[in-house]
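*Asks:* Have a look at the structure that comes next, please.
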């Protein structure tokens with residue numbers, strides 16, 4: 001894709017199509033990405049989201065976050081399935097103006113320096129801590145501790161990103177020098 005076309009496309013997406021959301025500098029949005037939220041989506045500097053990914057819930061995404069292709073952020077309570085006598089297909093949805101069910105204030109929170117692997121699913125209400133990595137194909141249903149590597153369905157911690165606290169602290173020191181404003 002030519003550089004000029006890419007600039008025009010990103011201008012259209014960020015300044016026109018998704019003008020109600022906020023993006024820091026140097027955002028990259030892949031082909032056929034879909035975004036919708038009840039209230040807001042915000043992403044920090046150096047945000048990358050790969051092709052065919054979707055954000056369909058409120059989200060707060062930090063700086064230097066990389067979201068691979070085919071990743072989905074989805075609402076945990078998008079349909080009020082507890083309505084007695086109403087088929088789920090016809091029940092109230094979080095998109096409705098008068099929706100009063102669960103999940104209205106839930107969002108996905110992704111802190112700085114996170115990598116979400118290909119095909120992962122993140123449910124609303126989840127917080128992924130700074131420096132974490134989510135393995136490809138994972139389904140994240142609970143909060144993830146900072147600097148953890150998680151994988152699976154449901155995702156669970158399989159190891160820490162750094163071998164020890166000294167390495168983590170040195171990473172943080174250098175990260176803060178180079179990338180904190």
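The values are calculated or read from the model by the stated rules, or taken from the named source; none is laboratory data. For clarity, every value in this text was computed on a predicted model and none was experimentally measured. Here the Cβ is made from the backbone with ideal geometry for all residues, glycine too, and neighbour counts use every protein chain on show.
*Asks:* If you go through the stretch 66-77 one residue at a time, how many are crowded, with 20+ Cβ neighbours inside 10 Å and either more than 30 Å from residue 174 (Cβ to Cβ) or without any contact (Cβ under 8 Å) to a residue 12 or more places away in the chain (or both)?
*Replies:* So the count comes out to 1.
*Asks:* Looking only at the stretch 7-17, decide whether some residue is on the phi > 0 side of the Ramachandran plot and either touching a helix residue (DSSP H, G or I) at 6+ places or on another chain (Cβ under 7 Å) or free of Cβ contacts under 8 Å to residues at least 40 places away in the same chain (or both).
*Replies:* no
*Asks:* Output the residues belonging to the stretch 39-49 that are at negative phi and surrounded by fewer than 20 Cβ atoms within 10 Å (Cβ to Cβ).
*Replies:* 39, 40, 42, 45, 48
*Asks:* Within the stretch 78-96, identify whether any single residue is without any contact (Cβ under 8 Å) to a residue 24 or more places away in the chain and closer than 26 Å to residue 137 by Cα, and answer yes or no.
*Replies:* yes
*Asks:* Based on this model, can you work out whether residue 63 counts as within 14 Å of the chain's Cα centre (by Cα), buried (at least 19 other Cβ atoms within 10 Å of the Cβ) and either part of a loop (DSSP other than H, G, I, E, B) or at pLDDT below 95 (or both)?
*Replies:* Against the criterion (within 14 Å of the chain's Cα centre (by Cα), buried (at least 19 other Cβ atoms within 10 Å of the Cβ) and either part of a loop (DSSP other than H, G, I, E, B) or at pLDDT below 95 (or both)), residue 63 qualifies.
*Asks:* Oh, and also: If you scan the stretch 10-29, which residues turn out to be within 14 Å of the chain's Cα centre (by Cα) and not in a strand (DSSP E or B)?
*Replies:* Scanning the stretch 10-29 gives 21, 27.
*Asks:* Then there is this: Any idea how many residues of the stretch 151-167 are out of contact with any strand residue (DSSP E or B) (no Cβ under 8 Å at 6 or more places or on another chain) and either closer than 21 Å to residue 139 by Cβ or surrounded by 13 or more Cβ atoms within 10 Å (Cβ to Cβ) (or both)?
*Replies:* Looking only at that region, the number is 2.
*Asks:* Further question on the same structure: Taking the stretch 82-129, which residues are within 14 Å of the chain's Cα centre (by Cα), surrounded by 17 or more Cβ atoms within 10 Å (Cβ to Cβ) and not in a strand (DSSP E or B)?
*Replies:* 106, 111, 112, 113, 114, 117, 119, 120, 124, 125, 126, 129, listed by residue number.
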